[in-house]
Amino acid sequence: MDYLDWLQWPAMAVSVCAAWMVASDAQSRREAGFWVFLASNLLWIVWGIYSTSWALVVLQFCLGAMNIRGVKKNDSARQAPAED
């Protein structure tokens, strides 16, 4: 078995970890979760290219764009003044 076949397992683990982080009540953990999701997107893209799973590659680019949106929304929420 080629070593890249095993890449799907860390990609899956990182995805599950990111989902757990994004669902957290702690803002810092949620923010980090989007970055962890981006790492999982990269892992899945590498594995998808290796396995010629083109729909998975396209899906990861789309999900990556949503994760970038999440990072930006969290940054803007942090910079917004608190309402009393």
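Scan segment 13-41 for residues that are open to solvent by 60 Å² or more (accessible area, probe 1.4 Å), free of Cβ contacts under 8 Å to residues at least 12 places away in the same chain and under 11 Å from the mean Cα position of the chain (by Cα) and jot them down.
Within segment 13-41, VAL16 is the sole residue that qualifies.
For segment 42-62, which residues satisfy the criterion of being buried (at least 16 other Cβ atoms within 10 Å of the Cβ) and aromatic (Phe, Trp, Tyr)?
Answer for segment 42-62, where residues must be buried (at least 16 other Cβ atoms within 10 Å of the Cβ) and aromatic (Phe, Trp, Tyr): TRP44, TRP47.
Would you mind stating whether ILE49 is in contact (Cβ under 8 Å) with a residue 12 or more places away in the chain and either of a type outside the set (Phe, Trp, Tyr) or touching a Gly at 6+ places or on another chain (Cβ under 7 Å) (or both)? Before the answer, list the steps.
On the way: in contact (Cβ under 8 Å) with a residue 12 or more places away in the chain: no; either of a type outside the set (Phe, Trp, Tyr) or touching a Gly at 6+ places or on another chain (Cβ under 7 Å) (or both): yes.
No.
Can you tell me which residues in segment 63-72 are among the basic types (Lys, Arg) and surrounded by 12 or more Cβ atoms within 10 Å (Cβ to Cβ)? Show your work before the answer.
If we filter segment 63-72 for residues that are among the basic types (Lys, Arg), which is where we start, we get 69, 72.
Matches in segment 63-72: none.
Scan (1) without any contact (Cβ under 8 Å) to a residue 24 or more places away in the chain; (2) over 10 Å from the mean Cα position of the chain (by Cα) for the single condition ARG78 breaks and write down its number.
Tallying (1) without any contact (Cβ under 8 Å) to a residue 24 or more places away in the chain; (2) over 10 Å from the mean Cα position of the chain (by Cα), ARG78 fails exactly one: (1).
The values are calculated or read from the model by the stated rules, or taken from the named source; none is laboratory data. Owing to the predicted nature of the structure, the values given are computational and were not obtained by experimental measurement. As a convention, Cβ positions derive from the backbone with ideal geometry for all residues, glycine included, and neighbour counts pool all protein chains shown. The accessibility values were calculated without ligands, DNA or RNA, using every heavy atom of the protein model including side chains. Shrake-Rupley method; radii C 1.70, N 1.55, O 1.52, S 1.80 Å.
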